Amino acid sequence: MERYEPAAAVDTFPVDGWQLPEYCGPNGGNCVEVNLGVTGMVGLRDSKLSSGPVLVFDDDEWTAFLSSARAGQYDR
């Protein structure tokens, strides 16, 4: 992927690689999905928008995002 296009990034990841978190519950309507199916990249999308857009993180960016989320940086 030479230029990041959020709507086209969905094609970068395997269709069967999208995972919902356990906390999402049975309806899956208000969650994010994660795809770890491409080495060195992580895809993140809204579960309601399966055709995109997709946020793409490299491994270091994903680790930093998870660390800051776990530390409460994004809590309201």
- Taking a 1.4 Å probe, which of E61, E33 shows the most accessible area, and what order do the others take after it? E61, E33
- Candidates (i) 1.20; (ii) 1.05; (iii) 1.11; which is the computed Cα Rg over 2.2 N^0.38 Å? (iii)
- Any idea of T39's accessible area? Nearest 10 Å², probe 1.4 Å. 140
- How would V15, V56, V32 line up by accessible area, probe 1.4 Å, largest first? V15, V32, V56
- Provide the FRET efficiency to the nearest 0.05 for the Y74-L49 pair, computing r from the beta carbons and using R0 = 22 Å. 0.65
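The values are calculated or read from the model by the stated rules, or taken from the named source; none is laboratory data. Here the structure is a predicted model, which is why all the values come from computation and not from measurement. Ideal geometry is used to build each Cβ from the backbone, glycine not excepted, and the neighbour counts take in all protein chains shown. These accessible areas exclude ligands, DNA and RNA; they are computed on the full protein's heavy atoms, side chains included. Shrake-Rupley method; radii C 1.70, N 1.55, O 1.52, S 1.80 Å.
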